[in-house]
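Colleague: Below you'll find the structure I mean.
The values are calculated or read from the model by the stated rules, or taken from the named source; none is laboratory data. All values derive from a computational prediction rather than experimental measurement. Positions of Cβ are backbone-derived with ideal geometry, glycine not excepted, and every protein chain shown enters the neighbour counts. SASA here: full protein model, heavy atoms, side chains in, ligands and nucleic acids out. Shrake-Rupley method; radii C 1.70, N 1.55, O 1.52, S 1.80 Å.
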Amino acid sequence: MKKIISIIAIALFALSSCNDTLDVAPDGRLTLDEVFKDEELTKAYFSTCYNYLPKKGLRYHFWSNYPIALSDEGWDCTDGSGAGFAHAVSGNCTTSDFYLDVRRDMGDTFSEGGYWQLYWGQIRTINNFLKYAETAAISKDTERKRWIAEAHVLRAYFYMELLKWYGPVPIEKENYGLTFDYSGMTRPSFEECARFIVDECDIALKEDNLPWRLTTLNERIRMTKGIAEAIRSEASLFAASTFNNGGKDLWQWAYEVNKKSFDQLKANGYELYTKCVDKSKYYDNAYMEYFTLNNYIGVDPSDKETIWQSTEGYWPDPYTNPLYDVIGSPVLGNAIVTIVPSQELVDAYDMLATGKPVLDLAKPYNDEKHLQPNYNPNSGYDKNNPYEGRDPRLRATVFYNNAPVLLGQTPAVVEIYVGGNSELRPSGNTNTRTGYYWRKRMVNGNCKAAGVAGYDGRFRFYRLGKIYLNLAEAAIEDNKIAEGITLINEIRHRAGFSADVDLSTSVSKDEARLLVRHERQVELACEEDRYFDTRRWTPADKDMDNEKFTTGVRITKEGDTFKYQRFVVGTDGSKPSKMSYEKKWHLYPIPISEVSVLNEKTGVNWQNLGW
């Protein structure tokens, strides 16, 4: 791990365009002492703390998203390309050839990945800034204090990302020097890392000069107290979860952290987006419209739910967002299709009238391959009309057969049946492999076929809806079941469920746990949460069995009726759809070049289990 166990040469990088709010290019030949004696160079060095903020969305590799595709909520139609998804599902990933974690130059941009190297580099840059910041040449004390607070939030975020992907990592508050004895370095627990992250956020939250939200676009990349609250919420939730807690009951701590974050966010202007404004474009619920918005920055923005979203896309850039011509269906004139929703995700949407799940939450399928659904007889679900009367978030998230769509301003439907305008195909990268397409974040009316160009909603790193469910889960696990269910009901009200079908607060802890996990699957679909949720809920010695087989639906039309046939995607059923369901896939492997040096210096195997 040369980025950790050796001194990194001091290099001040020219600022990228995304950092133009602090756009000064320092001289890379200077020492740090010299840099921090100069006000402009200090400002420039601070701006490099913001390098390598992730893109997420469809930026993993050629418009793919590995966390969504490898979870049970999706599939990737690049399965025949030999790219990262194909490597993972076929079981060909190794520590020396881990395609998913390679950062690639894609012309004028980069794909997601390479976090181990990049984020350790960022942590060391931030450590240097914090070491010098108190005495650095910064003329305004208010600016100094804000920058220091932002640096703590950034360090917390980069640590949280390393923790989610690779597990516990060394806590390096100050960069290791030439005389550091690496032989005694040990790997901390997940809890220790999480508490450090929470502490970092708490330091920032005490600073009056750090704003709660951004009010001007020229500050769009900068950290806020809102982001700090979201990070500490996530860190404590993950630490208390089964895979990460080390056998300790940390739920009271996780609840206390999440309760404070939730209350502070609400008290400082964050709220759920509940009012649908533009119903003229088929936005028939606030949830659907919310994900198309890009206006969370401002003194009084209309979107007060978003805490932090990707800032990409304010300029014409074909790589930035999940565009309609990438994730959309062929009837929309898509160029390619990559990730598509699974039947498992579609099965998760409840019936609107009864508020009940379609499948039994404790045992959703009667077979390993998910071809025999265990239907809830009291839900009101009709197998012959599978998309009728469902949770409105289904229509907001997924294009299913005969789903309405606008071709520019012309109403149409997405025909996924055999022979339809967007039919399922078993190969190629223009048509779905599962019988569904993503709709979430797509602006209605965007249609390449109709000659209408435009950007869709950007990826949200954190939003208040997620904090609701973080707190709900922590409350339920800490035996505050009524509080947790009440939070879930509020989320469901925004989706369109009436108070008449509220989930009961008089349920057992096991039942409440199923409900909150079910709600996270639906509310946070296509937001990269399901991948990590499944892993943190699954014990280290268990496989992620829900990901073993992925299913889709093949639809045929006979006259005016449709017939629906479930099938296993990516295999004839003789082997799993995704080998990434195996227990070693709780975490990415630490890069082999790094772990070999660590092993040599410490005499301990640092590699993650199974790799």
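Colleague: Can you give the relative contact order of region 339-460 as a percent, counting alpha carbon pairs under 8 Å and 6+ residues apart?
Modeller: Relative contact order, region 339-460: 22 percent.
Colleague: I'd like the FRET efficiency for residue 276 and residue 187, computed as 1/(1 + (r/R0)^6) with the beta carbon distance as r and R0 of 51 Å, rounded to 0.05.
Modeller: After rounding to 0.05, the efficiency reads 0.60.
Colleague: Once you order the gyration tensor axes a ≥ b ≥ c over the Cα atoms, which shape class does region 198-253 get: rounded for a/c under 1.5, otherwise prolate or oblate by comparing a/b with b/c?
Modeller: prolate
Colleague: A follow-up question, please. Could you state how much accessible area residue 549 has, in square angstrom rounded to the nearest 10, with a 1.4 Å probe and all protein chains kept in place?
Modeller: 10
Colleague: Something else: To the nearest 10 square angstrom, what accessible area does residue 611 show with a 1.4 Å probe?
Modeller: Rounded to the nearest 10, the figure is 50 Å².
Colleague: Quick check for you: with a 1.4 Å probe and neighbouring chains kept, what is the accessible area per residue of the chain, in Å²?
Modeller: Spelled out: the 1.4 Å probe surface of the chain, per residue, equals 38 Å².
Colleague: Can I ask one more? Around residue 376, with a cut-off of 10 angstrom between Cβ atoms, what is the net charge of the other residues, counting Lys and Arg +1 and Asp and Glu -1? Could the numbers behind the result be given before it?
Modeller: On the way: positive: 356; negative: 350, 360.
Result for the neighbourhood of residue 376: -1.
Colleague: Which shape class applies to region 406-556: rounded if a/c is under 1.5, otherwise prolate when a/b exceeds b/c and oblate if not, where a ≥ b ≥ c are the square roots of the Cα gyration tensor eigenvalues?
Modeller: Prolate, since a/c reaches 1.5 and a/b exceeds b/c.
Colleague: Could you order 64, 302 by accessible surface area, starting with the largest, using a probe radius of 1.4 Å?
Modeller: On the way: 64 0, 302 75 Å².
From most exposed to least exposed: 302, 64.
Colleague: Measuring from label point to label point, each 7 Å out along Cα→Cβ, what is the residue 139 to residue 541 span in nm?
Modeller: That separation, rounded to one decimal, is 6.4 nm.
Colleague: Only Lys, Arg, Asp and Glu count, each charged at its Cβ (+1, +1, -1, -1), so figure out the dipole size of the chain about its Cα centre, rounded to 20 debye.
Modeller: The calculated dipole for the chain is roughly 440 debye.
Colleague: Also, I was wondering about something else. Out of 156, 180, 166, whose Cα points farthest toward the positive end of the dipole of region 123-181 (charges: +1 Lys, Arg; -1 Asp, Glu; placed on Cβ)?
Modeller: Farthest along the dipole direction, towards plus: 156.
Colleague: Now, a different point. Which value, in nm² and rounded to one decimal, describes the direction-averaged projected area of the C-alpha convex hull of the chain?
Modeller: Quarter of the Cα hull surface area: 26.6 nm².
Colleague: What longest range of the chain stays clear of loop-exposed trypsin sites (Lys or Arg not before Pro) (DSSP non-H/G/I/E/B, at most 13 other C-beta within 10 angstrom)? The partial results should precede the final answer.
Modeller: Working: sites that count: 29, 140, 173, 206, 248, 275, 383, 542.
Value returned for the longest uninterrupted segment is 384-541.
Colleague: A follow-up question, please. For region 486-586, just say rounded, prolate or oblate: build the C-alpha gyration tensor, square-root its eigenvalues into a ≥ b ≥ c, call rounded for a/c under 1.5, and beyond that prolate if a/b exceeds b/c, oblate if not.
Modeller: The shape class here is oblate.
Colleague: Follow-up. Could you compute the FRET efficiency for residue 180 and residue 506, with r as their C-beta to C-beta distance and R0 at 45 Å, rounded to 0.05?
Modeller: The calculated FRET efficiency here is 0.20.
Colleague: To the nearest 20 debye, what charge dipole does region 184-233 have about its Cα centre, counting +1 at the Cβ of each Lys and Arg and -1 at the Cβ of each Asp and Glu?
Modeller: On the way: 8 positive and 9 negative charges, 43 e Å.
The calculated dipole for region 184-233 is roughly 200 debye.
Colleague: Using a 1.4 Å probe on the protein chains only, how many percent of the accessible area of region 408-523 belongs to carbon and sulfur? Spell out each step's value before the answer.
Modeller: Numbers: 1930 of 3870 Å².
Within region 408-523, the accessible surface is 50 percent carbon and sulfur.
Colleague: Moving on to the next point. In percent, what relative contact order does the chain have, based on Cα pairs under 8 Å that are 6 or more apart in sequence?
Modeller: This gives 17 percent for the chain.
Colleague: Evaluate E = 1/(1 + (r/R0)^6) for residue 382 and residue 217, where r is the Cβ-Cβ distance and R0 equals 41 Å; express this FRET efficiency to the nearest 0.05.
Modeller: Efficiency computed from Cβ-Cβ geometry: 0.30.
Colleague: Now, a different point. Local charge sum around residue 173 (other residues, Cβ-Cβ under 12 Å, Lys/Arg +1, Asp/Glu -1)?
Modeller: Value of the local net charge: -1.
Colleague: Turning to a different aspect of this structure: Would you tally the net charge around residue 580, using a Cβ to Cβ cut-off of less than 11 Å, leaving residue 580 out, and scoring K and R as +1, D and E as -1?
Modeller: With Lys, Arg at +1 and Asp, Glu at -1, the neighbours total +1.
Colleague: Additional query: Positive end of the charge dipole of region 394-531 (Lys, Arg +1 and Asp, Glu -1 on Cβ, about the Cα centre): tell me which of 442, 396, 474 has its Cα farthest that way.
Modeller: 442
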